[in-house]
Every structure is written in structure tokens, then in C-alpha cells.
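What follows is a single structure, written as C-alpha cells, with notes after it.
The values are calculated or read from the model by the stated rules, or taken from the named source; none is laboratory data. If you're wondering where the values come from, they're calculated on a predicted model, not measured in any experiment. Cβ placement follows ideal geometry from the backbone for every residue including glycine, while neighbour counts extend to all protein chains displayed.
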């Protein structure tokens, strides 16, 4: 199941989407750059989309995320 792009109220992130089958998290930053992260558990997406501060949460997990090439 693909989760549609979700806009965020964040100065750092514009939004994100998630693909359950591929386990890929797509993040769009405020500067309009997109990054796709692979092998991401859905719990990361759920926490990101429900975080009080999406930018702070993303910064706390980004070191554990692998950018898809």
C-alpha cells in the first residue's frame, strides 16, 4: 500500500510519503529536494507524521536511514 504525500507544518520538511511494499520513505524538504530512503519500517513514517516537530524527529533518525541510489 502506498501512502499518499502528506504535507507537513514544518520549516524543514514540506512532506513525505511511504510505500509499504517497497519499505521506502520519500521526504520532500522545504527547498523542494526529494530523497527516497530504503528499508524503512513503517513505524518511522508513522512517528514522523505524528511528531510534534517533524524536523526534530527526522533529525533524530536520519543517521539510521539509507538514501536509495
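Of the numbered conditions (1) exposed (fewer than 12 other Cβ atoms within 10 Å of the Cβ); (2) in a loop (DSSP other than H, G, I, E, B); (3) under 11 Å from the mean Cα position of the chain (by Cα), residue 21 fails exactly one; give the number of that condition. The number of the failed condition is (3). Inclusion of residue 37 among residues that are modelled with pLDDT of 95 or more, in a strand (DSSP E or B) and surrounded by 15 or more Cβ atoms within 10 Å (Cβ to Cβ) is warranted.
Taking the range 11-69 as the range and being within 18 Å of residue 1 (Cβ to Cβ), in contact (Cβ under 8 Å) with a residue 24 or more places away in the chain and in contact with a helix residue (DSSP H, G or I) (Cβ under 8 Å, 6 or more places away or on another chain) as the test, the residues that pass are 16, 18, 25, 48.
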